[in-house]
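Q: Following this message is one structure expressed as C-alpha cells.
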Amino acid sequence: MPPPRTRGRALGPRLAELRGPEVPPKALDARALAALAANPGCRRRALLDGAGVNKTALASALGSPSAFGMSQFAFMRGNAFEARVKADGGAELLRLVHEKLDPSAEPPAEGAVPDLAAIGPQGRAARTALALREASASGGWTLLDHPMLVLDVAGSPAFLEPDAVVVHPDGSWTVVEIKSFPMLDGSADPAKVGAAARQSAVYVLALEEVAVRLDSAPEVRHQVLLVCPKDFTNLPTAAAVDVRKQRAVTRRQLARLTRVEEIADSLPEGTCFAPDLPREELTAAVGALPATYAPECLAACELAFHCRSRSREEGAVTSLGRSLRAELGGLTTVEDVLAAAHGTAGDPGDATVAALRRAADLRAEALGEAAARREGTPCP
C-alpha cells in the first residue's frame with residue numbers, strides 16, 4: 001500500500017505518491033495536451049495527465065481496456081516516412097519550408113542541424129533553447145530535429161517534442177509536423193488536418209515561451225508546415241496551415257484548467273492510481289475525481305470506455321453529446337429530461353421544458369397516426 005499523502009508537501013513527491021511509489025511518470029505529449037485543452041472541465045484527466053499516470057495501464061486495471069492509440073504498423077510507417085523527409089540533413093524538408101512558407105528568402109543550399117543531445121528532458125530543453133538562440137543569430141537555415149520544449153500546464157511542466165523546428169534566415173521559427181496520412185490532389189482528410197493543427201498549436205505556444213526569454217524575442221510563425229505523403233506514393237509534399245485560431249483556443253482552454261495541486265488537495269488521504277492495486281480500490285480512487293465525459297473522448301482519451309460506462313449508469317446527458325447537453329440547460333440527467341417531457345416535473349414556463357413537452361406531444365401524435373395506418377382506421 002502507498003504511504004498516506006501529506007498535504008502541504010512539494011508537488012513533485014505528491015504526484016509521485018498518486019502514481020505509485022514504483023511507477024515512472026508518463027510524459028505528457030502535445031496530442032494529450034490538445035485533447036486536454038478540448039475538455040478543460042475534466043478534472044480527472046487534468047490530474048492524471050499532470051501526475052504522469054499511465055492511463056492505458058489504468059484503464060486495463062479498471063476492466064475497461066482502451067482501443068485508443070496508433071497501431072504498430074502505422075507507427076512504423078510513420079517513422080519510415082519521417083526518416084525519408086529528414087534524410088540528407090533535412091534537405092528536402094528545408095526545401096519544402098522555403099517553397100511553402102518563405103519563398104523570398106535565400107534558398108537553403110545547406111542547412112545546419114545542431115546536436116540537441118543532453119541528459120534528461122530538462123537538459124534537452126535547455127540545449128534546445130540555446131540552439132534556437134544561436135540559430136536565430138546565425139542568419140542561415142537551421143533544422144532542429146526533435147527539439148525538446150517545455151510548457152506549464154496547470155502548474156506542472158509538460159515536456160514536448162515536435163517533429164522539427166526550422167529557423168529561417170531572418171531568425172523566425174516554424175513548427176514542422178510530419179504525418180503519414182496522404183494528401184490526395186493537394187488536400188487531406190479535414191479531421192486529421194484539424195487534429196494536426198491543434199497539436200501544432202501546442203508546439204507554437206511552447207516555442208513562444210522560449211522566445212520571450214531571449215533578449216530579442218524572435219518571431220514564432222503561426223503558419224506551420226504539414227508534411228504528408230503525396231497521393232499514394234511515399235514522396236513528401238507539404239502545405240502551410242494557419243494555426244492562429246487553434247493557438248488562441250488552446251491557450252484559453254489551458255488557462256482555464258484548475259491547477260493540479262488544487263485537484264490533488266481535494267482527494268482523500270492515501271489516494272493512489274498504481275495499476276497493481278485491487279480493482280475496487282482503483283475504481284474508488286478514479287471515482288473521487290470528477291469527469292466530464294462526452295462521446296468525443298472516445299477518440300482522445302484512454303479512460304473513455306470507463307467514463308462512458310459510469311456516465312451511462314448515472315444517466316448523464318453528456319453521454320449523448322456536448323451540443324445536446326448545452327441545449328438542455330439545467331436538466332443534467334436522462335431521467336430529468338424524460339420527466340420534463342412527460343409533464344411530471346419541470347417548470348412549464350421554462351423554454352427548454354416547454355420545447356421538450358411539445359416534442360413529446362408531436363412524437364405521440366406521430367406514433368398514433370402510424371398505429372392507425374397499420375390498423376387501417378382513419379386518423380383523427
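Q: Take residue 298 and residue 355, extend 7 Å from each Cα along the Cα→Cβ direction, and tell me the distance between the two endpoints in nm.
A: Those two pseudo-labels are separated by 2.4 nm.
Q: With θ taken as phi - 60° and the coefficients 6.51, -1.76 and 1.60, list the Karplus ³J(HN,Hα) couplings across segment 116-123 in order, rounded to whole Hz; mark glycine and proline as x.
A: Result, rounded to whole Hz: 9, 5, 6, 8, x, x, 5, x.
Q: Taking Cα atoms, how many degrees apart are the long axis of helix 72-85 and the longest axis of the chain, rounded to 10 and kept between 0 and 90?
A: With rounding to tens, the tilt is 30 degrees.
Q: Follow-up question, since we're still on this one. What do you get for the angle between helix 244-256 and the principal long axis of the chain? Use alpha-carbon atoms, 0 to 90 degrees, nearest ten.
A: On a 0 to 90 degree scale, this one is about 60.
Q: Taking just the C-alpha trace of segment 160-243, give me its Rg and Dmax in Å.
A: For segment 160-243, the Cα-based Rg and Dmax read 13.6, 46 Å.
Q: Hey, got the Cα dimensions of segment 72-254 along the principal axes, in Å, largest first?
A: 44, 39, 32
Q: Once amide H atoms are built 1.01 Å from N in the peptide plane, which residues 5 or more positions from residue 54, or in another chain, come under 5 Å H to H?
A: Answer set, sorted by chain and number: 26.
Q: Set the Förster distance to 25 Å, then compute FRET efficiency between residue 146 and residue 249 from the Cβ-Cβ distance, nearest 0.05. Write out the running numbers ahead of the final one.
A: Numbers: r = 26 Å, r/R0 = 1.03.
It comes out at approximately 0.45.
Q: Which one, [x] 5, 21, 28, 26, 16, 5, 0, 0; [y] 5, 19, 25, 22, 15, 9, 4, 1, 0; [z] 5, 18, 20, 13, 11, 11, 10, 7, 4, 1, 0, gives P(r) over Cα pairs in 10 Å bins from 0, in percent as derived from the coordinates shown?
A: Given [x] 5, 21, 28, 26, 16, 5, 0, 0; [y] 5, 19, 25, 22, 15, 9, 4, 1, 0; [z] 5, 18, 20, 13, 11, 11, 10, 7, 4, 1, 0, the structure-derived one carries the label [y].
Q: Rounded to the nearest angstrom and ordered from largest down, what semi-axes does the equivalent ellipsoid of segment 328-374 get from its C-alpha gyration tensor (root of 5λ)?
A: Working: eigenvalues 117, 21, 12 Å².
Square roots of five times the eigenvalues give 24, 10, 8 Å.
Q: Nothing charged except the Cβ atoms of Lys and Arg (+1) and of Asp and Glu (-1): what's the magnitude of the dipole of segment 72-254 about its Cα centre? Round to the nearest 20 debye.
A: Details: 19 positive and 23 negative charges, 129 e Å.
Roughly 620 debye, rounded to the nearest 20.
Q: Taking H as built 1.01 Å from N, whose amide H comes closer than 5 Å to the amide H of residue 164, not counting residues under 5 places away?
A: 146, 176
Q: Taking the Cβ-Cβ separation of residue 22 and residue 138 as r and a Förster radius of 41 Å, what is the calculated FRET efficiency to the nearest 0.05? Mind dumping the intermediate values first?
A: Working: r = 45 Å, r/R0 = 1.11.
It comes out at approximately 0.35.
Q: I would also like to ask the following. Any chance you could run the full-extension gain for residue 187 through residue 344? It's 0.36 nm times the residue separation minus the Cα-Cα distance, nm to one decimal.
A: Values: separation 157, 0.36 × 157 = 56.52 nm, distance 5.25 nm.
So the extension gain works out to 51.3 nm.
Q: Once both axes come from the Cα atoms, what is the angle between helix 351-375 and the longest principal axis of the chain, in degrees from 0 to 90, rounded to 10?
A: 60 degrees
Q: Can you give me the long-range amide H partners of residue 112? Hydrogens built in the peptide plane at 1.01 Å from N, cutoff under 5 Å, separation of 5 or more residues or another chain.
A: Those lying under 5 Å, H to H, from residue 112 are 141, 142, 143.
Q: Further question on the same structure: Where in segment 160-183 does the label zone of residue 83 land, with the point 7 angstrom along Cα→C-beta and an amide N cut-off under 18 Å?
A: From segment 160-183, the list is 163-164, 178-181.
Q: Ranked highest first by average number of other Cβ atoms within 10 Å, how do 44-53, 77-86, 222-231 line up?
A: Numbers: 44-53: 24.6, 77-86: 16.3, 222-231: 21.3.
Ranking, from highest mean packing down: 44-53, 222-231, 77-86.
Q: Let me ask something additional. Modelling each spin label as a point 7 Å along the Cα-to-Cβ direction, I'd like the residue 56/residue 269 distance in nm, to one decimal.
A: So the two model labels end up 3.6 nm from each other.
Q: On to the next question. Output the pairs from 26/86; 179/230; 55/179; 55/192 with a Cα-Cα distance over 19 Å in this structure; if there are none, say none.
A: Working: 26/86 27 Å; 179/230 11 Å; 55/179 24 Å; 55/192 23 Å.
Exceeds cut-off: 26/86; 55/179; 55/192.
Q: Hey, another quick one. Which of 176, 353, 232 sits closest to the plus end of the dipole of the chain, meaning its Cα is farthest towards the positive end, when Lys and Arg get +1 and Asp and Glu get -1 on the C-beta?
A: Positive-most Cα among the choices belongs to 353.
Q: Rounded to the nearest 0.05, what FRET efficiency is calculated for residue 31 and residue 375 with R0 set to 51 Å and r the Cβ-Cβ distance?
A: On the way: r = 56 Å, r/R0 = 1.10.
Calculated transfer efficiency: 0.35.
Q: Now for a separate question. How much length is gained on full extension from residue 233 to residue 74, taking 0.36 nm per residue of separation minus their Cα-Cα distance? Don't skip to the end; give the middle numbers.
A: Details: separation 159, 0.36 × 159 = 57.24 nm, distance 1.53 nm.
Computed gain between residue 233 and residue 74 is 55.7 nm.
Read-outs: derived from the displayed coordinates by stated rules, not from any lab. Given the structure is predicted, the values throughout are model-derived calculations rather than measurements. Note: ideal-geometry Cβ built from the backbone for every residue, glycine included; neighbour counts use all protein chains shown.
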